[in-house]
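Have a look at the structure below before the remarks.
Just so it is clear, none of the values below were taken in a lab; they were calculated from the coordinates. Just so it is clear, the model here is predicted, and its values are computed rather than measured. Neighbour counts are summed over all protein chains in view; Cβ atoms, including those assigned to glycine, are modelled from backbone coordinates with ideal geometry.
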Amino acid sequence: GQAFCTTLGASVDMLDKDLRRLFVNTAYHLTGLKTNKAADVQFVDHFQPTFYGFNNVKGYYRKRNLRISDFKLGSNASTGLANPKSAPAWRPMLPF
């Protein structure tokens, strides 16, 4: 068998279209499909990544009152805080 392993893939990493293309082409390759260097890797829905960390705001999730239906396409059901206290100063960078 074949496998693919990486430590890449935090939500903010998914802003990089080349990384998304790597994941798409890897999935194609591992399933026996021909890879496509021009594969469309645009987001199919709104995507606002959040930094990893803990959301300890009391009552945050209760107030959000999220339901399964909130996660369908066309929704924006982000479950994290956009800028938790543990988030480092961050700016998108161009690939090196």
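Sorting 51-60, 10-19 by average packing, meaning the other beta carbons within 10 Å per residue, from highest down gives 10-19, 51-60. With a simple spin-label model that places each label point 7 Å from the Cα along the Cα-to-Cβ direction, the separation between LYS63 and ALA3 comes to 4.3 nm. Taken about its Cα centre, segment 1-42 carries a charge dipole of about 160 debye when Lys and Arg each add +1 at the Cβ and Asp and Glu each add -1 at the Cβ. A simple rule links phi to the HN-Hα coupling: the Karplus curve 6.51 cos²θ - 1.76 cosθ + 1.60 with θ = phi - 60°, which for segment 14-22 gives 6, 6, 7, 5, 5, 5, 4, 5, 4 Hz, with x for Gly and Pro. Placing a label point 7 Å from the Cα of LYS34 along the Cα-to-Cβ direction, the residues of segment 1-28 with a backbone N closer than 15 Å are 28. For segment 42-47, 3J(HN,Hα) computed residue by residue from phi via the Karplus equation (6.51, -1.76, 1.60; θ = phi - 60°) reads 5, 5, 8, 7, 4, 9 Hz, glycine and proline entered as x. Rounded to the nearest whole Hz, the Karplus-based 3J(HN,Hα) values (6.51 cos²θ - 1.76 cosθ + 1.60, θ = phi - 60°) of segment 54-67 follow the sequence 10, 9, 9, 5, 4, x, 4, 6, 5, 5, 5, 6, 5, 10, with x at glycine and proline.
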